[in-house]
Amino acid sequence: MTMNPGLASKIAELKNGASSSIEAAIGIEFQHYDPERVVARMPVDQRTRQPFGLLHGGASVVLAESLASVGAWLNVDEKNFHVVGIEINANHLRSVRDGYVTGTGLPIHRGRSTQVWEVRIENDQGQLVCISRCTLAVVAKA
């Protein structure tokens, strides 16, 4: 896939700031960046499990909002706009004890003032673990 220079620049900017983020702290690894689809994987380990040994629902929500936020940001002019999450929901459908989960974010709506993204999180076997929808506000920079 040939990437347009503007998108390549945005992705480089994103990667430069990633080392001090919550995504880095819990091991989220982005694998694909595109205004139409964003993919990342996350380990199920001591950083992302709840006390009973299962993937923490909050970790799944962090993965989902991270994907939606990056996807939304790829769809705006970052010199003039921010994107901020204003609502997220998540249905946790299957437990995971180890391995990785992979999230795929797809846009449902990309408007001037809001975007809505759906994120599907699957386990290593391709089974749906969590489905999430995130609404983001597109806010003009002051």
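The values are calculated or read from the model by the stated rules, or taken from the named source; none is laboratory data. Being a predicted model, the structure only gives us computed values, none of them experimental. When we count neighbours, we look across all protein chains shown, and the Cβ atoms used for this are built from the backbone with ideal geometry, even at glycine.
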Practice prompt. Give just the number: which of (1) in a strand (DSSP E or B); (2) in contact (Cβ under 8 Å) with a residue 40 or more places away in the chain; (3) surrounded by 13 or more Cβ atoms within 10 Å (Cβ to Cβ) does residue 116 not satisfy?
Written response: (2)
Discussion item. If I filter region 76-109 down to residues being modelled with pLDDT of 95 or more and among the acidic types (Asp, Glu), which single residue comes out as farthest from residue 51 (Cα to Cα)?
Written reply: 87
Worksheet entry | Flag for residue 141 being in contact (Cβ under 8 Å) with a residue 12 or more places away in the chain, among the basic types (Lys, Arg), touching a His at 6+ places or on another chain (Cβ under 7 Å) and farther than 14 Å from residue 41 by Cα | yes
Worksheet item: So which residues in region 9-51 are modelled with pLDDT under 95, of a type in the set (S, T, N, Q) and either crowded, with 16+ Cβ neighbours inside 10 Å or farther than 17 Å from residue 120 by Cα (or both), if there are any at all?
Response: 9, 16, 19, 20, 21
Item to complete: Sort out which residues of region 84-109 are assigned to a loop (DSSP other than H, G, I, E, B) and either in contact (Cβ under 8 Å) with a residue 40 or more places away in the chain or in contact with a His (Cβ under 9 Å, 6 or more places away or on another chain) (or both), and write them in order of number.
Response: 95, 96, 97, 98, 99
Worksheet item: Can you tell me which of 27, 57, 111, 53 is over 13 Å from the mean Cα position of the chain (by Cα) and on the phi > 0 side of the Ramachandran plot?
Response: 53
Worksheet entry | All positions within region 23-52 that are of a type in the set (A, V, I, L, M, F, W, C) and free of Cβ contacts under 8 Å to residues at least 12 places away in the same chain | 24, 52
Item to complete: Could you check how many residues of region 54-83 are surrounded by 20 or more Cβ atoms within 10 Å (Cβ to Cβ), in a strand (DSSP E or B) and free of Cβ contacts under 8 Å to residues at least 60 places away in the same chain?
Response: 1
